[in-house]
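Below is one structure; the comments refer to it alone.
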Amino acid sequence: ASATANASTIGVLDDYGNEYGNLNTFYTGQGNSVYALADNFTAGQISGSKLLVLTLFNSLGSSQLSALDSYVQGGGRVLLNSDGAGFENYQGSVNAVLSSLGSSIVNVDGAYDGGYHVTSNILANPFTAGVSSVFYAYTSALTGGTGLVLGVSSQDFISYQAIGAGYVFVIADSNTGDGLSQPYGNQQLYLNFLNGGSSTTPEPGTLVMFGSGIIGLAGVLRRKINL
C-alpha cells in the first residue's frame with residue numbers, strides 16, 4: 001500500500017488491548033499520526049482527527065456519544081470493531097454508538113468462521129477499491145447499512161454508512177487488524193477507510209428536479225430560437 005499523500009491524525013480506543021499496536025505501526029508507517037484514546041475522551045481531544053478507531057471498547061458515556069455524533073456529522077470518520085459470540089459487551093457498545101449516530105447498522109450476536117480465514121467475498125464499492133481479499137477470524141454479523149465484505153459463510157461482517165458529512169464503518173471482528181501485517185487486502189481496506197470516498201446515487205426527488213430543470217431549459221432555448 002502506498003503512503004498517504006497528506007498526513008492524517010488517527011485516534012484509537014482499544015480497551016481489550018490487542019490491536020492498538022497493529023494500528024499504530026501501520027498508520028504511522030504510512031506517515032500518519034496515531035494517539036491513544038481513553039473511555040472518557042472529550043470532544044476537544046478528537047477534534048481535528050481524520051479517523052477514530054474504536055476496537056473492543058467498553059460502554060461510552062453520554063458526553064462521549066454526543067462528542068462522536070458531532071464529530072461524524074461534521075465530516076469525521078469512525079471505525080467500530082466488535083467480535084463474535086462471547087464478546088456481547090463489545091457488541092453492545094458498538095450498537096449504542098450506532099444508535100446514537102442514527103445509523104441503520106446493527107451488530108447481531110453470532111459465531112461465524114472460527115479460526116483464521118481469508119475471504120475474497122468483496123463487494124464492489126469505492127471503499128473496497130483495490131481490495132481482493134481480507135484476513136479475519138471469528139465474527140458476529142451485521143445488518144443494515146451498505147455491505148462491503150462477506151465472510152466465508154456469507155455473513156456480512158464489514159459495512160458502512162454515510163452520516164451527515166462523515167462516515168461510520170463497522171467490522172464485526174477485531175482480528176482484521178492482525179491482517180495489517182499480512183499479504184492480503186487489509187492494508188488497502190484500512191487506507192480506504194481513512195482516505196477513500198463513496199460515490200452517491202441521487203435521491204429520486206433529486207432526479208425529478210434535475211429532469212424538470214433540463215426540460216425547462218430546453219423550453220427556454222426553444223423560445224429563444226423561435227424569437
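The values are calculated or read from the model by the stated rules, or taken from the named source; none is laboratory data. Being a predicted model, the structure only gives us computed values, none of them experimental. Please note: Cβ atoms are built from the backbone with ideal geometry, for glycine as well, and neighbour counts cover all protein chains shown. Protein only, heavy atoms only, side chains kept; ligands, DNA and RNA dropped before computing areas. Shrake-Rupley method; radii C 1.70, N 1.55, O 1.52, S 1.80 Å.
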Exercise. Hey, does segment 53-64 have a residue that's under 24 Å from residue 129 (Cβ atoms), under 19 Å from the mean Cα position of the chain (by Cα) and open to solvent by 10 Å² or more (accessible area, probe 1.4 Å)?
Worked result: no
Residue set 68, 98, 79; condition within 15 Å of residue 161 (Cα to Cα), in contact (Cβ under 8 Å) with a residue 12 or more places away in the chain, touching a Phe, Trp or Tyr at 6+ places or on another chain (Cβ under 7 Å) and open to solvent by less than 20 Å² (accessible area, probe 1.4 Å); output residue 79
When residue 18 is run through (1) in contact (Cβ under 8 Å) with a residue 60 or more places away in the chain; (2) assigned to a helix (DSSP H, G or I), the failure sits at (2)
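On the basis of being among the polar types (S, T, N, Q) and either more than 18 Å from residue 139 (Cβ to Cβ) or open to solvent by 40 Å² or more (accessible area, probe 1.4 Å) (or both), does residue 93 make the cut? Before you say what the answer is, go through the steps one by one.
Numbers: among the polar types (S, T, N, Q): yes; either more than 18 Å from residue 139 (Cβ to Cβ) or open to solvent by 40 Å² or more (accessible area, probe 1.4 Å) (or both): no.
In short, no.
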Going through segment 50-94 in order, the residues found to be out of contact with any helix residue (DSSP H, G or I) (no Cβ under 8 Å at 6 or more places or on another chain), farther than 22 Å from residue 189 by Cβ and of a type outside the set (Ser, Thr, Tyr) are 61, 64, 73, 74, 85, 86, 88, 89, 92
- Hey, residue 16 surrounded by 19 or more Cβ atoms within 10 Å (Cβ to Cβ) and in contact with a helix residue (DSSP H, G or I) (Cβ under 8 Å, 6 or more places away or on another chain) or not: no
Checked segment 107-142 for anything touching an Asp or Glu at 6+ places or on another chain (Cβ under 7 Å) and β-branched (Val, Ile, Thr); matches are 139
Per the list (1) open to solvent by 10 Å² or more (accessible area, probe 1.4 Å); (2) in a strand (DSSP E or B); (3) among the small types (Gly, Ala, Ser), residue check on residue 159 breaks on (1)
Within segment 104-126, the count of residues that are of a type in the set (S, T, N, Q) and open to solvent by less than 20 Å² (accessible area, probe 1.4 Å) comes to 2
Condition first: touching a strand residue (DSSP E or B) at 6+ places or on another chain (Cβ under 6 Å), within 16 Å of residue 101 (Cβ to Cβ) and touching a residue at least 40 places away in the same chain (Cβ under 8 Å). Can you find one or more residues in segment 21-42 that meet it? no
Of the residues in segment 142-156, those that are of a type in the set (A, V, I, L, M, F, W, C) and either part of a loop (DSSP other than H, G, I, E, B) or closer than 11 Å to residue 104 by Cβ (or both) number 2
